[in-house]
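To start, the structure under review is shown below, and the notes come after it.
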Amino acid sequence: MSASVIVSFVIYLAFMLAIGVYFYLKTNDLSDYVLGGRNLPPSVAALSAGASDLSGWALMGLPGAIFAEGYSQAWIAVWTLVGVYINWSLIAERLRVFTEKAGNALTVPDYLEARFADKQRILRTVSSVVMLVFFSFYVSAGLVGGALLFESLFEMDYSIALWIGAAVIVSYTFLGGFSAASWTDLVQGLMMASALFVVAIMTVISLISGDTAASSPEAVAQLPGWTDDLTFLGMVSLAGWALGYCGQPHVIVHFMALRRREDVRISRRIAMVWSTITMASAVAVGAAGYYWYGGSLENGERVFILLADTMLNPWVAGFVLAGVLAAIMSTIDSQLLVCSSAIAEDIYRGLIRPETSQKQLVWLSRFSVIVVALLAAVMAMNPEASILSLVAYAWGGFGAAFGPVILLSLFWRGMNRNGAIAGLVVGALTVAIWKPLTGGPAGIFDIFEVVPGFLFSTIAVLAVSALTDSVREAKKFDGLMTHYNEPSPVKS
């Protein structure tokens, strides 16, 4: 790796840390640290939510899946776009209003407790535990991606690369909190889309000109098509990526942080354009990389890194490769903040010491970022771990546990606390039990676990809520809907 690549890479990292320091000086209370004071502009909210979702798996995992298995894996991109649209259309505006009016809830567990008036705080406890468990896998996936990048850039041992990458990612999140994470996500989101797009175009141009790294280009087999070996159950499984969107805490928290509900429509348009460019480019990188390398790479998830280093000017390559770290950082920072807020706000202040001061909560959140990152780093010590596989497991867990609960809490007045608890538990357990199973009648157990998890969780919410009293929760829902149906203030 050339010195120019390393220098441009370091310049980028220094810029991210500078943003962290800036927002460190502007953080006054827990609301600032975990939700940015509910003051995100629409463009920042859109790209931050998108970058928090389309992380290292979009730059490394998805191209690697296309490289290894063909275009059938591109359905992940299609269903991801469907999920983005559903999230911004159905959930964003209602969640922004409901969380503000339900006691100014700062976190997802905080919102659920207020929405269902759970004075025993069982709902807060269950939701916090589910979040911490699955986020450990999600953050671990990001750290694997970061370690692979540092390993490739600096030719160092994987374990050393892992801990250096973790230190870089944690540093600015520790300092600046949600605002730092969101504004760096804006930069990182633009870098992600640009990096994928540029590398895809350059590789395609090189292939058209007859340039290739394959020793025998004419002998390279055609990449399997969109429907090759794709069954009905396979398509249902891939559709789980759309279902899972409704329950990703690190994504939907950006809806809660919007400065006003009127910004949702603008954010949705920005999010859809950005996501479409990013997903299409990721598919193109995987396909073009397959033909460039003749389908022969030891680890297909490195295809983007290798192509960027090959196709681009070293100085440009440094910033493009920084886009990989940008993608990883943009997801991990949001996940670490959600975890730290669950520990500080939902568990410590909510269940242990309600009188904790704002300053103490901010510092507890900061140190919680370090603890969760250390746990995830230990889990990421295996360099053979698949980024996409780790992300899929965490995605399935959140989608199944939180998806039906969040969605129904915003639209069904008959839902109550008991139903919400049942949905969280059933969804999480279904994913944990389903994941190791394979085969079964017609291959039923090979379906992405978020699909049965989402279904069973929905049934649990509906059944338990219907069988238990929900008068109090219905009145709470009616009150929130009154606020939601209020006309928007006239702009002066």
### Task
Could you check how many residues of segment 93-121 are of a type outside the set (A, V, I, L, M, F, W, C) and in a helix (DSSP H, G or I)?
11
### Message
Please go through segment 29-75 and give me each residue that is of a type in the set (A, V, I, L, M, F, W, C), over 23 Å from Ala221 (Cα atoms) and at pLDDT 85 or above, ordered by number.
### Response
Ala46
### Message
Exactly one of these conditions fails for Ser296: (1) modelled with pLDDT under 80; (2) open to solvent by 50 Å² or more (accessible area, probe 1.4 Å); (3) of a type outside the set (Asp, Glu); (4) assigned to a helix (DSSP H, G or I). Give me its number.
### Response
(4)
### Task
Would you check which residues across segment 248-262 are touching a Ser or Thr at 6+ places or on another chain (Cβ under 9 Å), part of a helix (DSSP H, G or I) and of a type outside the set (Lys, Arg) and list them?
Pro249, His250, Val251, Val253, His254, Phe255, Met256, Ala257, Glu262
### Task
Could you figure out which of (1) crowded, with 24+ Cβ neighbours inside 10 Å; (2) at pLDDT 70 or above; (3) more than 30 Å from Pro487 (Cα to Cα); (4) not aliphatic (A, V, I, L, M) isn't true of Arg302?
(1)
### Task
Return a yes/no flag: does segment 295-311 have any residue that is among the aromatic types (Phe, Trp, Tyr) and within 30 Å of His254 (Cβ to Cβ).
yes
## Note on the structure
Going through (1) surrounded by 12 or more Cβ atoms within 10 Å (Cβ to Cβ); (2) closer than 20 Å to Ile406 by Cβ; (3) in contact (Cβ under 8 Å) with a residue 24 or more places away in the chain one by one, Asp446 fails only at (2)
### Task
Using the structure shown, decide if Val133 is open to solvent by 20 Å² or more (accessible area, probe 1.4 Å) and part of a helix (DSSP H, G or I).
yes
### Message
So, in segment 449-487, exactly how many residues are of a type outside the set (Gly, Ala, Ser), open to solvent by less than 60 Å² (accessible area, probe 1.4 Å), under 30 Å from Glu100 (Cβ atoms) and not in a helix (DSSP H, G or I)?
### Response
1
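The values are calculated or read from the model by the stated rules, or taken from the named source; none is laboratory data. Since this is a predicted model, take the numbers as computed values, not measurements. Positions of Cβ are generated from backbone atoms using ideal geometry, with glycine treated the same way; all protein chains shown enter the neighbour counts. Surface accessibility is based on the protein's heavy atoms, side chains included, excluding ligands, DNA and RNA. Shrake-Rupley method; radii C 1.70, N 1.55, O 1.52, S 1.80 Å.
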